[in-house]
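The values are calculated or read from the model by the stated rules, or taken from the named source; none is laboratory data. This structure is a prediction, so every number in the text was calculated from the model and none was measured. Cβ placement follows ideal geometry from the backbone for every residue including glycine, while neighbour counts extend to all protein chains displayed. These area figures cover heavy atoms from the full protein model, side chains too; ligands, DNA and RNA do not enter into them. Shrake-Rupley method; radii C 1.70, N 1.55, O 1.52, S 1.80 Å.
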Amino acid sequence: MFGRDRPSRAGRAMPASRAVACITASAFLISGQPALAQPNGGLPIIRDAEIEQLMRDYSAPILKAAGLAQQNVQVVLINERAFNAFVMDGRRIFINTGALYDSKTPNEIIGVLSHETGHMAGGHLSRMREQLANAQTASIIALLLGVGAIAAGAATGNSNAAGQVGMAALTGPQEMIRRSLLSYVRAQEESADRAGVKFLNATQQSAKGMYTTFKRFASDMMIISSRIDPYQQTHPMPSERVAALEDLIKTNPYWDKLDPPELQARHDMMRAKLAGFLERPDSVMRRYPSTDTSLPARYARAIAAYRFSGLAVSMPLIDALIQAQPNNPYFHELKGQAYLEGTRPADAIAPLRRAVALAPNATLIRIMLGQALIASNEPRYADEAISLLRVAMQRESEMPEVYSQLAMAYGRKGELAEADLASAQAALARSDMKTARELAARAKTRFPTGSPGWVKADDIVGLKQPRTSFFSASKLTIGPAQPRGPLTTGPAQ
């Protein structure tokens, strides 16, 4: 619910149901820049251990100040270039890669996260549902009154006049309902701004990043501001928002406080990583020319080289990164990923093991190591892969790839019952209920009746509705699924 807002068309009535639907969309995807939809209707989720850890470090103090530290709130990355962020439930903050890419300082993103946390802490989602329910009831009443007027006119033979009265009864209240909802959403945005500044004050962080972002939006909107009806917007008008924020930040005593240098360095590395994975090589070279010898520039060029130029070109660049920072787990991860996707899984094992040792809580790296162990076709690695993936399964229970890799590992050992169960769990995570039930039913025939595996399989067979998950089709990492392919993303179901 943080981003620029496109003006909606004024002066055109819409059906009540459509009006409520539009407000619903704008309430939960509160910028006019919606996240890109996948063909199956999901969100294009990106998974990356390094960036997700940085987002956790950004959001943890804010969530603690808001009293949400125990709710396990996750920051989810959306592969969308527009600068935007939003919340859809009380457990996830969604943020576009465009916001990460365009932000020059950690404080700018922390300001975004603080604003979204304000929506969560204020209970805006549940209150919005109540408002929408009330609006739906009001729109139905208006619809019935309008239809009743038309029907009454037809019964008395004065259908033309009655039709005009009936249409007025239909369109007038609908527009009032829509504007009322928009006003309510704007009030929520203002409330989230105030809460965001409060959380920044409580964590002794500057509000400059939040203010800078709103100023940018205001500048972008200046050229079309004369054509915008302020009563048709989900956000306060940018100029009004900046003015209100100026009053708020006067209470922030940390205005001139800078981000810690180490946090700024990690932020710069994140932006370079996104450039390396998301942009074409020529774009990467323009942004990070060979004359730029900084670590972020070298990171971006190494990633672009592995994606587009192969191992012979990229591996010396990656090795130079490791030499510069031998204890950076994400450089070792990159080396392992390059080997794995370069069809050399056996060579990927050592750097991935090193990455896991340096970042033992990075579940996504554990999954990649398990994948490399399995892809090496060495039976002696099966037990190690199973151990890694079973731990990952506890932490990432909604990722189909974890179960698919686990199924292959069990298959290598000839443990067909466990392989069938894991395959059924993978299908379930993809919401493929037909396949899940078929595989679970077969697993039941292979497990001893009443055993833990049999019970799990029986639970899947008896499920009536598929589980849904934002992460059900997410890939293992931010990198490509095929050698030097496009950025790995996955839809959120």
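Computed with a 1.4 Å probe over protein heavy atoms only, the accessible surface of region 265-377 comes to 39 Å² per residue. In terms of the mean number of neighbouring beta-carbon atoms within 10 Å, the peptides 365-373, 324-332, 441-449 order highest first as 365-373, 324-332, 441-449. Sorting 406-417, 193-204 by their mean Cβ neighbour count within 10 Å, with the most densely packed peptide first, gives 193-204, 406-417. Summarising the amide proton neighbourhood of VAL76: residues at separation of 5 or more, or on other chains, whose placed amide H is nearer than 5 Å comprise ILE93, PHE94, ILE95. Quick check: the distance between the Cα centres of region 266-330 and region 392-421, to the nearest angstrom? Going from one Cα centre to the other spans 33 Å. Peptides 59-66, 312-319, 289-296, ordered by how many other C-beta atoms sit within 10 Å of their residues on average, highest first, read 59-66, 312-319, 289-296. Stretching the chain fully between ARG390 and THR293 yields a gain of 30.8 nm (0.36 nm per residue, less the alpha carbon separation). Applying 1/(1 + (r/R0)^6) with R0 = 60 Å to the Cβ-Cβ distance of LYS434 and LYS250 gives a FRET efficiency near 0.50. FRET efficiency for the ALA202 to LYS413 pair, using the beta carbon distance and R₀ = 60 Å, is estimated at 0.70. Which entries of LYS64/LYS273; LYS198/LYS273; LYS64/LYS104; LYS64/LYS198; LYS208/LYS273 have Cα-Cα distances beyond 23 Å here? Beyond 23 Å between Cα atoms: LYS64/LYS273; LYS198/LYS273; LYS64/LYS104; LYS208/LYS273. Charge tally for LEU63 (other residues, Cβ to Cβ under 14 Å; Lys, Arg +1; Asp, Glu -1): +3.
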